[in-house]
């Protein structure tokens, strides 16, 4: 990570410095650098195939970076096995939820707190996640695979919270969900962050992601193309054109509307 970026945003909780990643001979990530601060929501945005999930998998240790350094809470974890990263509090909620469908809601939550420290605080953690997701209390004896898609996503996030994350990484949490459920998921992400859990959010829903992010990085063809404050990137012409479906004419119309106080006539 460049010293300029660190000086602007402080000493990071997570720091990725010029990592490369390959699947076989194919280079997916190219000199990717980004950072996440404590108490922050950071989004990683990009189209399908840009390398977003590969980035998360490198952070969690599912995939090894072939070049570069990953530091978490000041420690070099680049070569640390995935299970030891979980011990440190680096928790990933994968794309597609990946709950245990044949187990009950309660059993899924228990499996989220199998490590020593989370296990010792299981009862307290369960009270917390049920407060955030009240529906899970009503569904605790229900087989998880029979839940709706939105309820399964809530269960996946709740199971991650049972692990007492120091950084919670969410990979496409809104994928395949109805619009009203998507809004609820994003409100929940904000609430979790407000209660002190840093969030690394990988999403294709660019407007909602940027709206709740203190900072965001845009990944294009395996490289970081843009970064900045979430609100600022919402007005970036490149973002508008590629991810919000707004061309130059739309941007100019938006500008005129603001200049006129939003009065179209």
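The values are calculated or read from the model by the stated rules, or taken from the named source; none is laboratory data. Keep in mind it's a predicted model, so treat the numbers as computed, not measured. When we count neighbours, we look across all protein chains shown, and the Cβ atoms used for this are built from the backbone with ideal geometry, even at glycine.
Screening the range 104-135 for residues that are in a loop (DSSP other than H, G, I, E, B) and in contact with a helix residue (DSSP H, G or I) (Cβ under 6 Å, 6 or more places away or on another chain) and picking the one that is surrounded by the most Cβ atoms within 10 Å (Cβ to Cβ) gives 112. If you go through the range 108-139 and pick out every residue that is farther than 23 Å from residue 193 by Cβ and either in contact with a strand residue (DSSP E or B) (Cβ under 7 Å, 6 or more places away or on another chain) or free of Cβ contacts under 8 Å to residues at least 12 places away in the same chain (or both), you end up with 6. Pairs meeting the criteria (first residue in the range 160-179 and at positive phi and in contact (Cβ under 8 Å) with a residue 40 or more places away in the chain, second residue assigned to a loop (DSSP other than H, G, I, E, B) and crowded, with 21+ Cβ neighbours inside 10 Å, beta carbons under 6 Å, at least 6 apart or on different chains) are lacking. Scanning the range 16-48 for residues that are out of contact with any strand residue (DSSP E or B) (no Cβ under 9 Å at 6 or more places or on another chain) and either assigned to a helix (DSSP H, G or I) or without any contact (Cβ under 8 Å) to a residue 60 or more places away in the chain (or both) yields 23, 24, 25, 26. For the range 202-233, filtering for residues that are under 26 Å from residue 157 (Cα atoms) and assigned to a helix (DSSP H, G or I) leaves 9. Restricting 162, 169 to residues that are closer than 19 Å to residue 124 by Cβ and surrounded by 24 or more Cβ atoms within 10 Å (Cβ to Cβ) narrows the list to 162.
If you check 144, 216 for being crowded, with 18+ Cβ neighbours inside 10 Å and under 30 Å from residue 20 (Cβ atoms), only one passes: 216. Residue 187 falls short on exactly one of the conditions (1) touching a helix residue (DSSP H, G or I) at 6+ places or on another chain (Cβ under 8 Å); (2) surrounded by fewer than 17 Cβ atoms within 10 Å (Cβ to Cβ), and that condition is (1). Remark: residue 70 falls outside the filter, which requires a residue to be over 21 Å from residue 218 (Cα atoms), touching a strand residue (DSSP E or B) at 6+ places or on another chain (Cβ under 6 Å) and assigned to a strand (DSSP E or B). Of all residues assigned to the range 100-115, none qualifies as being over 27 Å from residue 148 (Cβ atoms) and modelled with pLDDT of 95 or more.
The set of residues in the range 93-103 being out of contact with any strand residue (DSSP E or B) (no Cβ under 9 Å at 6 or more places or on another chain), at negative phi and surrounded by fewer than 16 Cβ atoms within 10 Å (Cβ to Cβ) consists of 100 alone. Residues in the range 136-162 that are over 25 Å from residue 202 (Cα atoms) and part of a helix (DSSP H, G or I) were compared, and the one that is modelled with the highest pLDDT is 146.
Residues that are within 30 Å of residue 142 (Cβ to Cβ) and surrounded by 17 or more Cβ atoms within 10 Å (Cβ to Cβ) are absent from the range 33-51. Look at residue 175 and say whether it is in a loop (DSSP other than H, G, I, E, B), at pLDDT below 95, surrounded by fewer than 20 Cβ atoms within 10 Å (Cβ to Cβ) and within 18 Å of the chain's Cα centre (by Cα). When the stated conditions are applied, residue 175 passes them.
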